[in-house]
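Please read the structure below before turning to the comments.
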Ligand code: GDP
């Protein structure tokens, strides 16, 4: 049962130790200092553009303080991270079933994440249905079914090669008539062409929107933290193709690339709601930006 600070140990090593090194080796905040900082941020997978943005914000904050003493820099960085991860507003009440579309590339941990979310809901007494909308791979359906059984969720499938929109349509019927609280709709994770993916996701959206007010209530993008910069480009792609309401970042345990969280928060107006810190159903933590900043900087 990993805590966020433990999951971030490697990222922390990558960022904190280097920043401490930076602060220890400079007596003034000068151009050399900024250059070294930028390198640290890039190495920590914050991403090129987000790092530039972060640098601008930090330079501005340092300028406003009217000091070039590196001793104040950690406070400034902490303040900046607190702004980047300002608490999100709470979600409005939803008439059940809450329909959650799960999107993301194969292998990022989407199946496991659906199971983890379902497990959380079930622990809170909710009745959960999981629908197998990734009909491209029989193995994906099989794997999702195993997880559904394991966490005690109901499962809906039309088998391999079924139309994902038809799966969504029928799963909606089942969720509505059988009084489910939450419906997780898995979707295909193959990125063969962006156009096909976009069409497929839009069709699913249309189908569920017709069946139930406000559906899909959430469109959740699952990203693999260990892929670093790919996570950023996937966010851009899926945001354009399908619209993303929230992001869940998996495999934050054991990666040194946790800096990508900062990059995502800086680049897109999409909140990170949970992080995955392991392979078990309990290994999902709500993401609280303040805690993240705290875990990162101590
Ligand atoms: P999918 O293809 O996106 O559905 O990916 P899966 O859910 O099948 O996960 C791919 C692999 O990543 C599996 O071996 C999972 O156990 C593993 N995995 C998923 N989430 C996490 C996580 O948060 N941490 C770790 N360490 N492994 C994870």
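The values are calculated or read from the model by the stated rules, or taken from the named source; none is laboratory data. All of these numbers come straight from a predicted model, not from anything done at the bench. Neighbour counts run over all protein chains shown; Cβ positions are idealised from the backbone, glycine included.
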Practice item. Could you look through the range 243-268, keep only residues that are surrounded by fewer than 19 Cβ atoms within 10 Å (Cβ to Cβ) and assigned to a loop (DSSP other than H, G, I, E, B), and pick out the one that is modelled with the lowest pLDDT? Key: 254
Point to revise | Positions within the range 278-294 being within 16 Å of the ligand (Cβ to nearest atom) and either within 17 Å of residue 13 (Cα to Cα) or part of a helix (DSSP H, G or I) (or both), in sequence order | key: 292
Check your understanding: Residues in the range 222-238: is at least one within 21 Å of residue 171 (Cβ to Cβ) and modelled with pLDDT of 95 or more?
Key -> yes
Point to revise | Subset of the range 96-155 (residues that are surrounded by fewer than 21 Cβ atoms within 10 Å (Cβ to Cβ) and in a strand (DSSP E or B)) | key: 154, 155
Check your understanding: Can you name every residue in the range 167-195 that is touching a helix residue (DSSP H, G or I) at 6+ places or on another chain (Cβ under 8 Å) and assigned to a helix (DSSP H, G or I)?
Key -> 168, 169, 172, 173, 176, 194
Review point. In the range 21-47, which residues are loosely packed, with under 13 Cβ neighbours inside 10 Å and either at pLDDT below 90 or assigned to a helix (DSSP H, G or I) (or both)?
Key: 21, 24, 25, 31, 32, 35
**Study point:** Selected residue (only one of 242, 209 is within 16 Å of the ligand (Cβ to nearest atom) and farther than 30 Å from residue 12 by Cα)
**Key:** 242
Practice item. Please state which one of 139, 148 is closer than 27 Å to residue 282 by Cα and either out of contact with any strand residue (DSSP E or B) (no Cβ under 6 Å at 6 or more places or on another chain) or modelled with pLDDT under 95 (or both). Key: 139
Check your understanding: What is the residue count in the range 84-95 for residues that are farther than 24 Å from residue 226 by Cα and surrounded by 13 or more Cβ atoms within 10 Å (Cβ to Cβ)?
Key -> 2
Exercise for review: Residue by residue through the range 204-233, note down the ones that are on the phi > 0 side of the Ramachandran plot and surrounded by 21 or more Cβ atoms within 10 Å (Cβ to Cβ).
Suggested key: none
